[in-house]
Amino acid sequence: MLNTIIIIAAILILVILFAIFRVSSLVDVIKGDSSTKIPSSNGTQANLLLLFLIVGLVGGFYYSFGGLEDDFVLPVASKHGVITDMLFWWTMAITGVVFIVTHIFLFGFSWKYQHRKNQVAYFYPHNNKLEMIWTIIPAIVLAALVFTGWKAWMDITRESPEGSEVIEIMGYQYAWSVRYPGADNVLGGYNYLKIDATNQMGIDFSDRASFDDFIPREIHVPKGKPVRFNIRARDVIHSVYQPHFRLQMNAVPGMPTQFWFEPTKTTEEMRTETKNPDFQYELVCNKICGQGHFAMRYIIVVDELEDYKEWFKSQEPWLKQNADYLTEVPAKLREAASVVAGIESPADLAAPNGLTVSGSK
Ligand SMILES: [Cu+2]
């Protein structure tokens, strides 16, 4: 509503200004000699250009950086995030300075060299030195920016280090499913043909590695250890986005992607830093993927390594929680699957409430 009023007010002001100019130029015509006299609107236009420069720069910068700490620059909580932030601000500073200087020249000169009586334009067609300066300097600066950016990107997207925590994230309309490799630290296979209402991720139980995989309600990751997300999508393109980790990677159906990072602050530490006792890291979808797009959020908890290990151990294999899927395990592996998943006996099928802790390391 307020926006509409502002737009209408701006249009009205423009209409009024136009009317004033029209009247003043008509007055010039009535007074005669309108061809030799400089119309009064000429000076007004020049002053308006100056006004536009000042209001535009001040207003634009205030609009962009005004509530900076609150909404724009979230505290960074990953190793590579510090580097990408630095690159961002260097680029912003360099292009910002160039933007301000060129605009001061653009509008300032339009004002300074406005049409005046007896003032003749200076004929200055070419200057090789100037051409060289404003070609070579920007070329060097841009090349340096692009090169440092490229180097940082190569660093971020290189293969995850040995011993990373590997977590699978699958996007679908409209939620995330997250799978951990379980005690064996190997994610089992998946197959889209296995997807059904319960087996959302299409876990393939002909693969031994999937017997101890678990699907938790929250994502937990350890502080100070590399974490690798194996990312995929089940239907349309989604995007795995976590602003505090400066993490974003598309989830594309049929084309697995990945992103690895190292968290540097636990959820508790962030609560202290942000002075918000309810702070949570959130994984959200950053592609408008359909009408339920807004619902695609998932809590991420960053733990100290010890707490993370404990949480990891306390998780139940998905197969244990859904013991009827034992039927999907090839007959010769069924025994092994029961042991690894901690399903005590076929009786568990009726009452899947065994209290044994999952498989062995
Ligand atoms: Cu989505």
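Looking only at residues that are loosely packed, with under 13 Cβ neighbours inside 10 Å and of a type in the set (A, V, I, L, M, F, W, C) in the stretch 101-113, which one is nearest to the chain's Cα centre (by Cα)?
The selected residue is Val101.
Looking at the stretch 71-85, which of its residues are among the charged types (D, E, K, R) and either touching a residue at least 24 places away in the same chain (Cβ under 8 Å) or surrounded by 14 or more Cβ atoms within 10 Å (Cβ to Cβ) (or both)?
Lys79, Asp85
Could you list, in sequence order, all residues of the stretch 290-307 that are within 16 Å of the ligand (Cβ to nearest atom) and assigned to a strand (DSSP E or B)?
Arg297, Tyr298
Condition test on Tyr241, is it outside any loop (DSSP other than H, G, I, E, B), more than 20 Å from Ser164 (Cα to Cα) and within 21 Å of the chain's Cα centre (by Cα)?
no
For the stretch 241-283, give me each residue that is within 16 Å of the ligand (Cβ to nearest atom), closer than 20 Å to Val73 by Cα and either surrounded by fewer than 16 Cβ atoms within 10 Å (Cβ to Cβ) or of a type in the set (S, T, N, Q) (or both).
Across the stretch 241-283, the qualifying residues are Gln242, Gln248, Glu282.
Part of a helix (DSSP H, G or I) and within 16 Å of the ligand (Cβ to nearest atom): does that describe Phe312?
Working: part of a helix (DSSP H, G or I): yes; within 16 Å of the ligand (Cβ to nearest atom): no.
So Phe312 fails the test.
Restricting to the stretch 303-320, name every residue that is closer than 15 Å to Tyr180 by Cα and surrounded by 14 or more Cβ atoms within 10 Å (Cβ to Cβ).
Across the stretch 303-320, the qualifying residues are Tyr308, Trp311, Phe312, Gln315, Glu316, Pro317, Trp318, Leu319, Lys320.
Could you list, in sequence order, the residues of the stretch 272-284 that are under 24 Å from Val178 (Cα atoms) and free of Cβ contacts under 8 Å to residues at least 24 places away in the same chain?
Quick first cut of the stretch 272-284, residues under 24 Å from Val178 (Cα atoms) only: 278-284.
Passing the criteria: Asp278, Phe279, Gln280.
Being of a type outside the set (D, E, K, R), modelled with pLDDT under 90, over 14 Å from Phe245 (Cα atoms) and in a helix (DSSP H, G or I) narrows it down to one residue among Gly60, Gly108; which is it?
Matching residue, one of Gly60, Gly108: Gly60.
What residue, among those in the stretch 199-229 that are assigned to a strand (DSSP E or B) and touching a Leu at 6+ places or on another chain (Cβ under 7 Å), is farthest from the ligand (Cβ to nearest atom)?
So the residue we want is Pro222.
Looking at the stretch 244-262 only, could you name the residues that are without any contact (Cβ under 8 Å) to a residue 24 or more places away in the chain and in a strand (DSSP E or B)?
Within the stretch 244-262, Met249, Val252, Pro253, Met255 qualify.
Quick one: in the stretch 144-156, of everything that is of a type in the set (A, V, I, L, M) and either without any contact (Cβ under 8 Å) to a residue 24 or more places away in the chain or within 16 Å of the ligand (Cβ to nearest atom) (or both), which residue is surrounded by the fewest Cβ atoms within 10 Å (Cβ to Cβ)?
From the stretch 144-156, those of a type in the set (A, V, I, L, M) are 144-146, 152, 154, 156; that's our starting set.
From the residues that got through so far, the ones that are either without any contact (Cβ under 8 Å) to a residue 24 or more places away in the chain or within 16 Å of the ligand (Cβ to nearest atom) (or both) too are 144, 146, 154.
On the way: Ala144: 12, Val146: 11, Met154: 9.
Per the stated criteria, the residue is Met154.
Which of the residues that make up the stretch 284-296 are in contact with a strand residue (DSSP E or B) (Cβ under 8 Å, 6 or more places away or on another chain) and either among the hydrophobic types (A, V, I, L, M, F, W, C) or surrounded by fewer than 13 Cβ atoms within 10 Å (Cβ to Cβ) (or both)?
Within the stretch 284-296, Val284, Cys285, Cys289, Ala295, Met296 qualify.
Which residues, taken from the stretch 102-137, are of a type in the set (A, V, I, L, M) and within 29 Å of Ser41 (Cβ to Cβ)?
Ile104, Leu106, Val120, Ala121
Cβ-Cβ below 9 Å, separation at least six or inter-chain, first residue in the stretch 290-311 and under 16 Å from Ile167 (Cβ atoms), second of a type in the set (Val, Ile, Thr) and within 11 Å of the ligand (Cβ to nearest atom): which pairs?
Final answer for the pair search is Tyr298/Val284.
Taking the stretch 157-180 as the region of interest, how many residues are closer than 20 Å to Leu247 by Cβ and either more than 16 Å from the ligand (Cβ to nearest atom) or free of Cβ contacts under 8 Å to residues at least 24 places away in the same chain (or both)?
So the answer is 13.
Among what's in the stretch 321-343 and is surrounded by 15 or more Cβ atoms within 10 Å (Cβ to Cβ) and not in a helix (DSSP H, G or I), pick the residue that is modelled with the highest pLDDT.
Per the stated criteria, the residue is Asn322.
Is it true that Asp155 is in a helix (DSSP H, G or I) and out of contact with any Cys (no Cβ under 8 Å at 6 or more places or on another chain)?
Yes: the conditions hold for Asp155.
I'd like to verify a number: residues in the stretch 158-187 that are part of a loop (DSSP other than H, G, I, E, B) and among the basic types (Lys, Arg), how many?
Residues of the stretch 158-187 that are part of a loop (DSSP other than H, G, I, E, B), as a first pass: 158-164, 173-174, 181-187.
In the following step, the residues that additionally are among the basic types (Lys, Arg) were identified as 158.
Going through the stretch 158-187 one residue at a time, the tally reaches 1.
The values are calculated or read from the model by the stated rules, or taken from the named source; none is laboratory data. Keep in mind that this is a model prediction, so the values were computed, not measured. Glycine gets a Cβ as well: all are built from the backbone with ideal geometry, and neighbour counts include every protein chain shown.
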